[in-house]
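S.K.: A single structure is presented below for examination.
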Amino acid sequence: MDSGSFWQSLGGGAAVAAALTLVRLWVEYRVRGHDRRAEHEERGRRHQADAEARLERILQDRRADADRRLERVALDLHAERLRCGTLEHEHALLQAYTLLKEQHTALQAEHTREQQPRLPSSN
């Protein structure tokens with residue numbers, strides 16, 4: 001084998017090796033790009049899931065707060081109905097007392113008229 005063909009075959013082999021290296025680098029670049037996109041998408045999904053979980057907790061907290069306020073309003077309503085019933089009862093008692101007082105005054109006036117001596121009428 002002469003030295004010229006040796007260098008030629010060595011150069012041809014180096015070109016093939018260089019071409020294979022470039023192909024390997026390109027494939028690795030594409031795989032890494034795909035991996036980066038997949039990681040980015042996964043981070044996005046995790047972020048979305050975290051945001052949804054936070055929103056769910058916020059909504060549950062707000063619902064619990066609304067339930068507590070509703071219970072408090074229901075208790076206030078019950079207390080107000082009791083107070084209203086008490087006031088209606090007291091009003092009925094006051095009306096009865098006023099009616100009795102008027103009847104008593106009328107009876108006293110009638111009794112006073114009956115107790116006064118009658119003057120003979122002059123015709």
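The values are calculated or read from the model by the stated rules, or taken from the named source; none is laboratory data. All figures in this text were calculated on a predicted structure; none of them were measured in a lab. Just the protein is used for accessible areas: all its heavy atoms, side chains included, with ligands, DNA and RNA removed. Shrake-Rupley method; radii C 1.70, N 1.55, O 1.52, S 1.80 Å.
S.K.: When you look at LEU25, is it open to solvent by 100 Å² or more (accessible area, probe 1.4 Å), aliphatic (A, V, I, L, M) and assigned to a helix (DSSP H, G or I), yes or no? Reasoning before the result, please.
M.R.: Values: open to solvent by 100 Å² or more (accessible area, probe 1.4 Å): no; aliphatic (A, V, I, L, M): yes; assigned to a helix (DSSP H, G or I): yes.
No, not satisfied.
S.K.: Then there is this: Considering only the stretch 57-72, state which residues are open to solvent by 100 Å² or more (accessible area, probe 1.4 Å) and of a type in the set (A, V, I, L, M, F, W, C).
M.R.: Within the stretch 57-72, just LEU70 meets the criteria.
S.K.: If I ask for residues that are open to solvent by less than 100 Å² (accessible area, probe 1.4 Å) and within 18 Å of the chain's Cα centre (by Cα), which ones from the stretch 34-56 would you list?
M.R.: Once the filter is applied, which keeps residues that are open to solvent by less than 100 Å² (accessible area, probe 1.4 Å) and within 18 Å of the chain's Cα centre (by Cα), the stretch 34-56 yields ALA51, ALA53, LEU55, GLU56.
S.K.: Looking at ALA19, is it at pLDDT below 85 and open to solvent by less than 80 Å² (accessible area, probe 1.4 Å)?
M.R.: yes
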